[in-house]
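Scroll down for the structure; my scribbles are underneath it.
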Amino acid sequence: MQENWKFHHVSVIVRDMNKAIEYYQSLAIGPFPPLIGPSGTTPLTEKKVRGKPMDYNIDLRHAEGGVGQIQFEVIQPLEGETPVKEFLEKKGEGMHHLGFFVDDLGKETAKMAEKGFMVSQSGETHDVKWAYFDTDSVGGVVIELMQQTK
């Protein structure tokens, strides 16, 4: 981990958000309020997959209060082709990525590229831009870098 990365969350990919939420809440994790945009799904803009504009929908939820001091995120792919959907099809449900906040996403993206890690998926929400990096060949976990935009 880079010294200027600030750990934010662990993310798991699931096939059925409702079943996953029920399971995690039985472990006293949650609740998981939806992040709903005008389309009824998670509000993302500037969506790209491997550098190309892509239309897709996901259900993404954060556990209020996290798990101890760790933020916990659950994602269910809904429509479109994404690395998240590929992960689910190839590996099944499970931990997908570790998320970190950075001060300058562009600078950190360049550093990751120098190390041979390319952006597999990127996008923006109302206050964060983010990128997933193809780092799962080492340890089986993707790295997500995020930058606050507001």
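The values are calculated or read from the model by the stated rules, or taken from the named source; none is laboratory data. Every value quoted in this text rests on a predicted model; they were computed, and no experiment measured them. Neighbour counts are summed over all protein chains in view; Cβ atoms, including those assigned to glycine, are modelled from backbone coordinates with ideal geometry. In case anyone asks, the SASA skips ligands and DNA or RNA and just uses the protein heavy atoms, side chains included. Shrake-Rupley method; radii C 1.70, N 1.55, O 1.52, S 1.80 Å.
Numbers at a glance
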| read-out | value |
| --- | --- |
| Complete set of residues in the range 69-88 that are surrounded by fewer than 18 Cβ atoms within 10 Å (Cβ to Cβ), β-branched (Val, Ile, Thr) and over 26 Å from residue 25 (Cα atoms) | none |
| Scan of the range 108-133 for residues that are closer than 21 Å to residue 56 by Cβ, of a type in the set (Asp, Glu) and at pLDDT 90 or above, ordered by number | 124 |
| Residue within the range 56-68 that is assigned to a strand (DSSP E or B), closer than 15 Å to residue 6 by Cβ, open to solvent by 20 Å² or more (accessible area, probe 1.4 Å) and in contact (Cβ under 8 Å) with a residue 40 or more places away in the chain present | no |
| Selection within the range 89-104 - in a loop (DSSP other than H, G, I, E, B) and surrounded by 12 or more Cβ atoms within 10 Å (Cβ to Cβ) | 93, 102, 104 |
| Residue, nearest to residue 47 (Cα to Cα), within the range 77-122, restricted to residues that are of a type in the set (A, V, I, L, M, F, W, C) and in contact with a helix residue (DSSP H, G or I) (Cβ under 7 Å, 6 or more places away or on another chain) | 119 |
| Residue among 129, 115, 107, 48 that is closer than 25 Å to residue 3 by Cβ, open to solvent by 60 Å² or more (accessible area, probe 1.4 Å), touching a strand residue (DSSP E or B) at 6+ places or on another chain (Cβ under 6 Å) and basic (Lys, Arg) | 129 |
